[in-house]
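Notes follow once the structure below has been shown.
The values are calculated or read from the model by the stated rules, or taken from the named source; none is laboratory data. No experiment lies behind these values; they were computed from the predicted model shown. When we count neighbours, we look across all protein chains shown, and the Cβ atoms used for this are built from the backbone with ideal geometry, even at glycine. For accessibility, only protein heavy atoms count, side chains too; no ligands or nucleic acids. Shrake-Rupley method; radii C 1.70, N 1.55, O 1.52, S 1.80 Å.
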Amino acid sequence: MLRAVVFDVGETLVDETREYGTWADWLGVPRHTFAAAFGAVIASGLDYRETFQIFKPGFDLDRERQARVDAGKPEWFGEDDLYPDVHPALSALRDMGVWVGVVGNQTKRAGGLLRGLDLPADFIATSDDWGVQKPDTAFFDKVVEVAACVPDEIVYVGDRIDNDITPAKKVGMRTAYIQRGPWGWIHRDRKDVAELSDWIIHDLTELPGIVAGS
């Protein structure tokens with residue numbers, strides 16, 4: 001029986017199109033060019049942060065984030081950046097008595113933004129809050145701890161096979177791979193996606209039916 005569903009943030013709940021566009025603006029390159037390079041980096045199996053190195057060698061993400069804050073142009077997302085299925089899916093799960101968590105690789109600032117969105121969730125935290133990042137399995141051990149369930153009663157939902165699905169399976173969770181966003185589309189045909197995902201979904205509103213049938 002599934003008792004908890006826990007969600008990644010970027011490209012699972014939050015459409016990052018606008019935010020990556022602001023990074024292109026910050027770097028002074030066309031948004032289309034930045035997006036093309038971003039996709040090429042992901043398809044090559046490299047860390048997405050290598051995209052920034054293409055346009056600015058020596059780029060330091062933490063330093064540049066602070067520079068954006070100092071310039072009055074911080075990273076930001078709001079209600080309009082949520083995918084349209086987020087509120088219906090999370091609300092339906094909670095109505096079923098399912099524990100809903102939101103935990104991803106995000107900054108403390110992003111955690112504050114998430115908590116300000118009034119999401120229908122029982123728990124919201126970020127990797128910066130915990131001091132451990134995916135794909136470290138210690139991150140997923142923390143998920144098990146806060147959900148207060150045994151691992152196979154938890155579904156972790158994410159768009160990345162490397163950061164989400166693989167480490168979640170290592171600690172014994174069930175997994176739902178959502179096919180959207182750059183990683184979701186580019187990696188959708190990888191063998192390990194089929195092998196490690198208990199479910200491959202295209203919309204978060206599929207999850208209540210999955211839980212009900214468990």
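Every condition in (1) surrounded by fewer than 17 Cβ atoms within 10 Å (Cβ to Cβ); (2) of a type in the set (D, E); (3) under 22 Å from L2 (Cα atoms); (4) touching a helix residue (DSSP H, G or I) at 6+ places or on another chain (Cβ under 6 Å) is met by D85 except one, and the failing one is (1).
Of everything in segment 1-23, what is farther than 16 Å from D80 by Cβ and not aromatic (F, W, Y)? Give them in sequence order. Full working, then the answer.
Taking segment 1-23 as the starting set, the residues that turn out to be farther than 16 Å from D80 by Cβ are 1-8, 12, 23.
Residues satisfying the conditions are M1, L2, R3, A4, V5, V6, D8, T12.
Applying the set (1) within 30 Å of C149 (Cβ to Cβ); (2) at pLDDT 95 or above; (3) open to solvent by 60 Å² or more (accessible area, probe 1.4 Å); (4) not in a loop (DSSP other than H, G, I, E, B) to S91 leaves exactly one unmet item: (3). If the condition is being over 19 Å from R18 (Cβ atoms) and either modelled with pLDDT under 95 or of a type in the set (A, V, I, L, M, F, W, C) (or both), then segment 50-65 contributes I54, F59, D62. Considering (1) buried (at least 21 other Cβ atoms within 10 Å of the Cβ); (2) free of Cβ contacts under 8 Å to residues at least 24 places away in the same chain, the lone condition that D128 does not fulfil carries the number (1). Q133 meets each of the listed conditions (1) within 30 Å of D70 (Cβ to Cβ); (2) open to solvent by 20 Å² or more (accessible area, probe 1.4 Å); (3) in a loop (DSSP other than H, G, I, E, B); (4) touching a Pro at 6+ places or on another chain (Cβ under 8 Å) apart from (4). For segment 174-202, a tally of residues being within 19 Å of L90 (Cα to Cα) and either assigned to a strand (DSSP E or B) or open to solvent by less than 10 Å² (accessible area, probe 1.4 Å) (or both) returns 8. V171 meets all of the listed conditions (1) open to solvent by 10 Å² or more (accessible area, probe 1.4 Å); (2) in contact (Cβ under 8 Å) with a residue 60 or more places away in the chain; (3) touching a helix residue (DSSP H, G or I) at 6+ places or on another chain (Cβ under 7 Å) but one, namely (2).
So which residues in segment 98-115 are of a type in the set (A, V, I, L, M) and either outside any strand (DSSP E or B) or over 20 Å from G209 (Cα atoms) (or both), if there are any at all?
V98, V103, A110, L113, L114
Could you check, for segment 116-125, whether at least one of its residues is within 23 Å of D162 (Cα to Cα) and either among the hydroxyl-bearing types (S, T, Y) or outside any strand (DSSP E or B) (or both)? For segment 116-125, residues within 23 Å of D162 (Cα to Cα) and either among the hydroxyl-bearing types (S, T, Y) or outside any strand (DSSP E or B) (or both): absent.
In this structure, T51 does not satisfy being assigned to a loop (DSSP other than H, G, I, E, B) and either in contact with a strand residue (DSSP E or B) (Cβ under 9 Å, 6 or more places away or on another chain) or of a type outside the set (F, W, Y) (or both).
Give the residues of segment 1-32 that are open to solvent by 60 Å² or more (accessible area, probe 1.4 Å) and in a helix (DSSP H, G or I), sorted by residue number.
To start, the set of residues in segment 1-32 that are open to solvent by 60 Å² or more (accessible area, probe 1.4 Å) comprises 1, 3, 17-18, 25-26, 28, 30-32.
Within segment 1-32, T17, R18, D25, W26, R31, H32 qualify.
Filtering A110, A67 for residues that are under 16 Å from W26 (Cα atoms), open to solvent by less than 60 Å² (accessible area, probe 1.4 Å) and aliphatic (A, V, I, L, M) leaves a single hit, A67. Would a scan of segment 74-82 turn up a residue that is in contact with a strand residue (DSSP E or B) (Cβ under 6 Å, 6 or more places away or on another chain), surrounded by 16 or more Cβ atoms within 10 Å (Cβ to Cβ), part of a helix (DSSP H, G or I) and at pLDDT 95 or above? The answer is yes; a qualifying residue exists.
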